[in-house]
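Throughout, read-outs are computed from the coordinates displayed, never taken from laboratory work. These numbers were taken from a predicted model, which means no experiment stands behind them. Cβ coordinates were reconstructed from backbone atoms using ideal geometry, including for glycine residues, and neighbour counts include every protein chain displayed.
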Amino acid sequence: MGRLSVDLCGITLDNPIIPASGTFGFGYEFAELYDINVLGTFSFKGTTKDPRFGNPTPRIAECTAGMINAVGLQNPGVEKVISEELPKLKKCFDKKVMANVSGFAVEDYAYTCEQLDKCEQVGWLEVNVSCPNVHGGGMSFGTNPEAAAEVTAAVKRVTTKPVIIKLSPNVTDIVAIAKACEEAGADGISLINTLLGMRIDLKTKKPVIANKMGGFSGSAIFPVAVRMVYQVANAVNIPIVGMGGVTTAEDVVELMLAGASAVEVGAANLVNPYACRDIINDLPRVLDKYGINNLSDIIGGAK
Amino acid sequence: MKQTIFKITQHTQLTDTVYKMCLQGDTEGIRCGQFVNIQLDGLYLRRPISVCDCQGDVLTIIYKVVGKGTEQMAAMTAGQELDVLTGLGNGYDLSLAGDKPVLIGGGVGVPPMYMAAKELVNMGKAVKVILGFNTKAEVFCEDDFKALGCDVTVATADGSYGVKGFVTNALEGMDYSYFYTCGPEPMLKALYKATSTSGQFSFEERMGCGFGACMGCSCKTITGYKRICKEGPVLKKEEILWED
């Protein structure tokens, strides 16, 4: 156990750094740049039961200290993820990977998780409940404690792997939703997903993004992440994976002080493809600077 | 892909809105038809700019000021440094050119044709070039292509210089073996219909990362989904699916 190592649902990570889903593909693109085995793990591209092209373009808009995306969960579908993407990943990543799963009905989530449960490479299932429920009038599963709990329970029934529920910040009471997931059997909570945002082009006087709205991420949302991680960490007894605008090793320490056991890095990977490697390399310096011996000692330390 | 710090060695204004910047640094692996992605102070996302030329350790880009990022670039001076991701995108496949390819650039789509022209001339091809602009004041690079020994035709929409009309007017009756093009989408669509041979089109899209990670710039093609930044920006005529 090195000073950076942490435990996440019974699996030891060499360090808490996890590239967030949707910013790291299936890993092998980044493996051309650096040895991705230096990562704690990574959360692969959001996977659904069926293949998806996603939304029309433009899908991206820039903001001050961040960006909005409306990619729309483009992915090849769980069958191809297992038959094509995971074997490619195996050639460049020896560790357990976090499987990120999305769905538009409870049974979709269960089906996709059941398939991924059979994959030895998968260490955790990270279940994104920010998607609209097609049987629930399009309301996101993650905005309602009962719906979030229903997804959690359905997924827990089909897997023995740790289930981490990834929560949307676009809710009135994040604590109630996190508690409902914990009661339904979740092994961990990850947060925050992107904040709903929008930009308008002054030249065309139209929304920049074809989908009009999208998920706002990047360093601008970091304080929101710290607040929500802190609130949830003080309300549940399961580990938290913190994320939202993390860019530096200092941000990692701050989010862990707020209560995160591990930290995902998202949009920063898109600006600096070496962001995660750089953060990992910089962590020992930051620990020394702030008199921290082991990262695992500081989790939830800010009271 | 490579991340490199480049130093600006030369920066000149070509027209009211178009600038040429020469950057010195590690250019290894840069191919014609690719693009680079430039980080700018205070702006979150990098700015993708096509490669105009690459000679020794000097990378040349020509860009048009269209927004905050390019405005900031226009104010930079020789000696300043830029953080650049290079080697992005697939680039043009010049092996399909045949004996007498035509290169067609429209507006700020002209620069990527330069390196393609240079390499095709070096391969011994009889290279024809059509450059399209709105008006005489916007014309740039004509002499650069002529200096390579290309047969250059300029078209202006208002007829103030060269052939009056669009690049498609200049293409009429021309004898060519294959084509390469880059320009605004209406021009690409018109060329798709007007060309009699196969060819390659370079596309533009708003990008997140520029290196294939975010799926921000995906498009549908006859051969499946492609990322403009990774499997593109160059698509072959046979694989293009136009979306209305």
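Selection within segment B:124-144: residues that are in contact (Cβ under 8 Å) with a residue 40 or more places away in the chain and crowded, with 18+ Cβ neighbours inside 10 Å. The member of this set that is nearest to residue B:187 (Cα to Cα) is B:132. I'd like to check something: does segment B:171-187 contain any residue that is assigned to a strand (DSSP E or B), more than 14 Å from every other protein chain (Cβ to nearest Cβ) and out of contact with any helix residue (DSSP H, G or I) (no Cβ under 8 Å at 6 or more places or on another chain)? Looking through segment B:171-187, none of the residues is assigned to a strand (DSSP E or B), more than 14 Å from every other protein chain (Cβ to nearest Cβ) and out of contact with any helix residue (DSSP H, G or I) (no Cβ under 8 Å at 6 or more places or on another chain). Residues being under 15 Å from the mean Cα position of the chain (by Cα), under 13 Å from residue B:213 (Cα atoms), of a type in the set (S, T, N, Q) and not in a loop (DSSP other than H, G, I, E, B) are represented in segment A:35-47 by at least one member.
Here is the figure for segment A:246-270: residues that are within 14 Å of chain B (Cβ to nearest Cβ) and in contact with a strand residue (DSSP E or B) (Cβ under 7 Å, 6 or more places away or on another chain) total 4. Considering segment A:272-293, the residues that are touching a residue at least 12 places away in the same chain (Cβ under 8 Å) and out of contact with any helix residue (DSSP H, G or I) (no Cβ under 8 Å at 6 or more places or on another chain) include one that is farthest from the other protein chains (Cβ to nearest Cβ), namely A:284.
The combined condition, being outside any loop (DSSP other than H, G, I, E, B) and touching a helix residue (DSSP H, G or I) at 6+ places or on another chain (Cβ under 8 Å), is not fulfilled by residue A:80.
Among the residues of segment B:195-218, write down those that are more than 8 Å from chain A (Cβ to nearest Cβ), buried (at least 21 other Cβ atoms within 10 Å of the Cβ) and not in a strand (DSSP E or B). Within segment B:195-218, B:210 is the sole residue that qualifies. Listed by position, the helices (runs of 4 or more DSSP H) enclosed by segment A:190-279 that each have at least 1 residues that are more than 15 Å from the chain's Cα centre (by Cα) and of a type in the set (Phe, Trp, Tyr) are A:222-233. Filtered by the rule that a residue be in contact with a strand residue (DSSP E or B) (Cβ under 8 Å, 6 or more places away or on another chain), facing another protein chain (nearest Cβ under 7 Å) and on the phi < 0 side of the Ramachandran plot, segment A:46-61 gives A:53, A:57, A:59, A:60.
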